[in-house]
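Chemist: This structure is in structure tokens; I'll ask about it shortly.
The values are calculated or read from the model by the stated rules, or taken from the named source; none is laboratory data. Here the structure is a predicted model, which is why all the values come from computation and not from measurement. Because the Cβ atoms are built from the backbone with ideal geometry, glycine has one as well, and the counts that use them run over all protein chains shown.
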Amino acid sequence: MDQAQQLRNIIKNSNKPQRPVARIITVTSGKGGVGKSNVAINLAIQFKKMGKRVIILDADFGLANIEIMFGTVPKHNLCDLIYQGKNIKDIITWGPEGVGFISGGSGISGMYNLGRDYLVYIIVNLAELDAIADIIIIDTGAGISSAVLEFLVASGEIILVTTPDPTSITDSYSLLKALNQSPRFSRENTVVKVVSNKVLSEDEGQQLFSKLNAVVARYLKLPLTYMGAIPQDNMLAKSVLQQSPVSIQYPNAKSVRAFENIAGQLMNPGDALEVKPRGMAAFFSHIISGRELSNTQSAVNGSATNVQS
């Protein structure tokens, strides 16, 4: 059996009840500095406290926020899976509370230059995460780069982190607009959830969401779900300097209560807005299919240009 057939079998079997399929939550933001990685880490810890097995994939290959905030230096990253023959368990670093994380390094951007056999090999390995984790949180880079959009269009569940800063609101809208315009974005199979961060009160968080939601509903017709607000908290800022998540360092902090509340809502099994878990094989296959579609389109455009010239 070749690797391509093995990949097709993994995706096919992911729909069967006996095969575990991880829930993938992609955390993103329109701009940097809004606390996106803090949200990803502290939600992961709250899920872990609820008895869930959690792994974070640090897909922000320009920065190493997750490992810095965990105060843990990974021995391996995604590059070692791709180029050094490591298996998926080798590249998982276990942080506080038993939350695992995988450092993307430059491996994620490098995936776009790999041949299909290499990509299939990576996906076959990443698919094993479905048996290791109940929830996989993907912490994307900030902004509307093509790499970020590839992760978002492949994800059925997106958490958009925004703040009262006017540029954050504007950039959040720009990100949603770019996502909405992607030909591979599926409204029917995607839920976009908003977290208001660094607010002074619950009211300010609700007003922030209402402001963003009004513009998005009017111009993009894209439904958003409000998950709640995380207050400005000196304890959270202090925990970052101490390289320890606030949910562990200061469990009684006001921001931690907010993370607990949001995590509880996300785990609510009665949420009618939830989409069916896709698992890692389907998730990364979607990204690769988009890459191949893009390459095909580029080739077609290049041929058309040559003919015209």
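Chemist: For residues that are aliphatic (A, V, I, L, M), in contact with a helix residue (DSSP H, G or I) (Cβ under 9 Å, 6 or more places away or on another chain) and in contact (Cβ under 8 Å) with a residue 40 or more places away in the chain, scanning just region 186-223, find the one that is surrounded by the most Cβ atoms within 10 Å (Cβ to Cβ).
Modeler: Selected residue: Val195.
Chemist: Could you list, in sequence order, all residues of region 125-139 that are surrounded by 18 or more Cβ atoms within 10 Å (Cβ to Cβ) and within 27 Å of Gly85 (Cβ to Cβ)?
Modeler: Asn125, Leu126, Ala127, Leu129, Asp130, Ala133, Ile136, Ile137, Ile138, Asp139
Chemist: When region 247-263 is examined, which residues are found to be surrounded by fewer than 23 Cβ atoms within 10 Å (Cβ to Cβ), in contact with an Asp or Glu (Cβ under 7 Å, 6 or more places away or on another chain) and assigned to a helix (DSSP H, G or I)?
Modeler: If the condition is that a residue be surrounded by fewer than 23 Cβ atoms within 10 Å (Cβ to Cβ), in contact with an Asp or Glu (Cβ under 7 Å, 6 or more places away or on another chain) and assigned to a helix (DSSP H, G or I), then Ile248, Lys254 are the ones that fit.
Chemist: Could I ask something else about it? Of everything in region 55-79 that's at pLDDT 85 or above, farther than 19 Å from Gln243 by Cβ and touching a Gly at 6+ places or on another chain (Cβ under 7 Å), which residue is surrounded by the fewest Cβ atoms within 10 Å (Cβ to Cβ)?
Modeler: The extreme case among them is Ile55.
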